[in-house]
Protein chains: 2
Amino acid sequence: MIKVGIIGVGTVGTSVANILKENADVISARAGRDIVVKSGVVKNLAKERGLDITLTDNVDDILNDNEIDIVVELMGGVDEAFEVVKCALESGKAVVTANKALLAYHRYELQDLAGNIPFEFEASVAGGIPIINALRDGLSANHIESIMGIMNGTCNYMMTKMTNEGVAYDAILKESQELGYAEADPTFDVGGFDAAHKLLILASIAYGIDAKPEDILIEGIDKVTQDDIAFAKEFGYAVKLLGIAKKDGNEVELRVHACLIKQEEMIAKIDGVMNGISVVGDKVGETLYYGPGAGGDATASAVVANIIDIARSGKSTPMLGFNRPMEGNTLTLKSADMIESKYYLRINVSDRAGVLAKLTKIFETHSISIETMLQRPSEDARANLLISTHLAVEKDIQAMMKELEALDFVHAKPVMIRIV
Amino acid sequence: MIKVGIIGVGTVGTSVANILKENADVISARAGRDIVVKSGVVKNLAKERGLDITLTDNVDDILNDNEIDIVVELMGGVDEAFEVVKCALESGKAVVTANKALLAYHRYELQDLAGNIPFEFEASVAGGIPIINALRDGLSANHIESIMGIMNGTCNYMMTKMTNEGVAYDAILKESQELGYAEADPTFDVGGFDAAHKLLILASIAYGIDAKPEDILIEGIDKVTQDDIAFAKEFGYAVKLLGIAKKDGNEVELRVHACLIKQEEMIAKIDGVMNGISVVGDKVGETLYYGPGAGGDATASAVVANIIDIARSGKSTPMLGFNRPMEGNTLTLKSADMIESKYYLRINVSDRAGVLAKLTKIFETHSISIETMLQRPSEDARANLLISTHLAVEKDIQAMMKELEALDFVHAKPVMIRIV
């Protein structure tokens, strides 16, 4: 059994504890052992959190606990977090962190301190998207030519709203603060600093570049107005805050700023609070990773994946990812007959009175309800009926198709396409 | 040093050998040791391949070679490949394969045979996209609710062409065959079987489900006509061949078929030969992985990533992915001043004669060339000039911005946004 201590039980920390409990079946099957949270550190012990783990306000209770194998650092900030993580590593505990500021400043010192002790940080960049995993392991055969990403959901939400609804910058910033997407002091997000921290972490993995935030170009979205958005639209661009890393000979450029980007690019199509990162490798070409960049559960998904990695590394990961079957929760294959879907049908019929009535009657007897219907003329006094249905069951559709095919006023085998 | 033997030196095998050589700097830095191809098996020894590795037409030359650590199986097919891989595992060699058909039928037997010997297969699904990696490691904290993917580039190319250019199915199939996207017998692609093999592999990792192709619903795109495309467009859908896995209580449904999918969905926006897979986890929500699903170099990128994983696993992977610095190829940070970009500028000027001439003169002295210009009136006899430039250098733009700001006919600090 692996025991975890969480330092900083806020939104993400609470999600980590909940996921390890709620998804214990699949997690222990994948990890090959049970993983439990033994204790957590909070600032305010009086606050009710609804968790059944031991809480303390003294970080040493976790750092000095020999039973704890993995320390999850979610306290945020740079200097204090560095001391805590250093102390954990010195006592041989594995560390998982979501702290991008800590890594933006201290990732190489931490790599040296960690040595052979596992130190993981998937959640530090783009929340639930496994981009560290993809870049470090999945694309390891490539020289990385460029990384271009929407790494801050708040900025992307604001740019999307300004574009789609014509809202002014100040109004949308206020709304974002009310929705909790932006902080009371929004500088860290809208000034590009949050994205810059993430970019620096990715640049180390792609290029081995040790740069600090003060070394690179960082600008925000605070100067963007509706005039700019109008221009962008007129010339086929979207406006996005992007973090960009680009290899140019033996140099790497790193920068965060608002960009106009052609609407056809995949990254331009990513709207709202979502994150997306495009990585171009010299061999693989462009790959793109999309998902939620923030939120308690999404971020905790990445933290827990790292915990599972560490738990697994004692033994080699089995090829298909499960170290043993899930207990009491065996999944079985659903019969294809019982799959539910909406359906689109194309039926070639004689174009004469009474046909539609007969046809719709058949739909009714098979419990299939029509959502939309278009009729188009085809050759020889025939018509194509193009029909979409409400939710129906595969076996009912198949039975109806057979019945339709046998009718004298149906002239070709009806065609069916499922609607997602 | 790790020695590799390639069984089946065709397009992908040649790319694997080339990547290991061309990218040896970054690969050995990431793996912590050198990796070389010792030999390869081909059917026809007479054919010139331009490779400096030993070639043989006898598979036993690799299987019985004690110096070879990793066997890369790229011969394709099911039964013979199974025997070869089994033999490699029995002699303790790690295996990397891109063979989806082999895995669609034998993945659980192979997992049992492999035991603690590394057996990797990233290239078997969606070519260069590290989807196995994401699903097995990155999303391991989640119950996977659904997987929905464009897993066959040929079909996606054909559907995209039919949609965008109104080409008939038969014409576009012929074109795809001429371009080499589709085989002379295209059934494996357009019939959905290729996508089904990939879906079955993903379903094992997500759900631990052991199903075979004959157990699941498989249909192709061969019935789709321009009538269907017209209907889809009319109601805001795209037409795609999707592989779908969906958890429904304790059942999992697996199916491959043509689908209508709302154009707003990210997966509907993936066009041409590209692949894309959307994965919904109960904790992370939706994530999506996009990239090239075929091609020698893209597929080999995944094969080589697996080889690196295996080479690394002797020692623990360092946090930032490099086991040692790259020799003779140290990357440095490019000065922010020297970054090249196109730029968009918004300049608020007095709306009077001569202003535009003075302004464009200043652009010229800073070697900045204008691509487009819009003028919009603003309040108080002023105008906003909205300008996009051709490629320019950051320091020139910054210097010009300073000069512009100091002019008496420029009324606010000019705003600049970079164009990607």
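Laboratory data are not the source of any read-out in this text; all were calculated from the coordinates shown. Since the model is a prediction, treat every value here as computed from it, not as a measurement. Neighbour counts are summed over all protein chains in view; Cβ atoms, including those assigned to glycine, are modelled from backbone coordinates with ideal geometry.
Distance between the 7 Å Cα→Cβ label points at B:Lys86 and A:Glu214: 6.5 nm.
Relative contact order for chain B: 17 percent, from Cα pairs under 8 Å spaced at least 6 residues apart, divided by residue count.
Each other copy holds its own label point for A:Gly272; taking that point as 7 Å from Cα along Cα to Cβ, the gaps run 2.7 nm, nearest first. Within the shell defined by Cβ-Cβ distances under 9 Å, the residues around B:Ala245 carry a net charge of +2, with Lys and Arg each +1 and Asp and Glu each -1. Against chain A, whose longest principal axis comes from its Cα atoms, helix A:355-365 is set at around 50 degrees.
Put simply, the amide H of B:Asn275, placed in the peptide plane, has neighbours under 5 Å in B:Gly291, B:Gly293, leaving out anything fewer than 5 places away on its chain. Considering helices alone, the calculated mean residue ellipticity of chain B at 222 nm is -10500 deg cm²/dmol, with DSSP H runs of length four and up weighted by -39500 (n - 2.57) and normalised per residue. Between helix B:11-22 and chain B, what is the angle of the helix's C-alpha long axis to the longest principal axis, kept within 0 to 90° and rounded to the nearest 10? The helix B:11-22 is inclined about 60 degrees to chain B. Each other copy holds its own label point for A:Asp60; taking that point as 7 Å from Cα along Cα to Cβ, the gaps run 7.0 nm, nearest first. One quarter of the surface of the convex hull around the alpha-carbon atoms of the range A:131-292 equals 9.4 nm², the direction-averaged projected area. Please build a GNM for chain A, connecting alpha carbons under 10 Å apart, and tell me which residue among A:Gly76, A:Gly272, A:Gly285 fluctuates the most. It is A:Gly285. Pick from B:Asp408, B:Asp189, B:Asp34 the residue whose mean-square fluctuation is largest in a GNM of chain B, springs joining Cα atoms under 10 Å. With Cα springs under 10 Å in chain B, the top fluctuation among B:Asp408, B:Asp189, B:Asp34 is at B:Asp408. For the range A:52-63, backbone phi angles converted through the Karplus equation (6.51, -1.76, 1.60; θ = phi - 60°) give residue-by-residue couplings of 9, 10, 5, 10, 9, 10, 10, 4, 5, 4, 8, 4 Hz, Gly and Pro being listed as x. The magnitude of the dipole of the protein assembly as shown, with charges of +1 and -1 set on the Cβ of Lys/Arg and Asp/Glu and taken from the Cα centre, is near 580 debye.
For chain A, the longest principal axis of the Cα atoms and the long axis of helix A:296-312 meet at an angle of about 70 degrees. Using Cβ point charges alone (K and R +1, D and E -1), the dipole size of the range A:336-419 about the Cα centre works out to roughly 140 debye. Annotation: amide H-H contacts under 5 Å for B:Leu55 (H modelled 1.01 Å from N, sequence separation of 5 or more, or interchain): B:Gly40. Here is how far apart the A:Glu234 label points are across copies: 3.7 nm, shortest first, using a point 7 Å from Cα toward Cβ.
How big is the gap, in Å, between the Cα center of the range A:28-43 and the Cα center of the range B:1-26? Cα centres, the range A:28-43 to the range B:1-26: 40 Å.
Taking amide H as placed 1.01 Å from N in the peptide plane, B:Ala412 has its amide H under 5 Å from the amide H of B:Asn348, each at least 5 places away in sequence or on another chain. Here's the picture: charge each Lys and Arg Cβ at +1 and each Asp and Glu Cβ at -1 in the protein assembly as shown, and of B:Ile267, A:Tyr343, B:Met148 the one pushed furthest to the positive end of that dipole is A:Tyr343. Candidate cross-link partners of A:Lys47 among the lysines, defined by an alpha-carbon separation under 26 Å and a same-chain spacing of 8 or more, comprise A:Lys3, A:Lys21, A:Lys38, B:Lys283.
Relative to the Cα centre, the charge distribution of chain A, modelled as +1 at Lys and Arg Cβ and -1 at Asp and Glu Cβ, gives a dipole magnitude of about 1580 debye.
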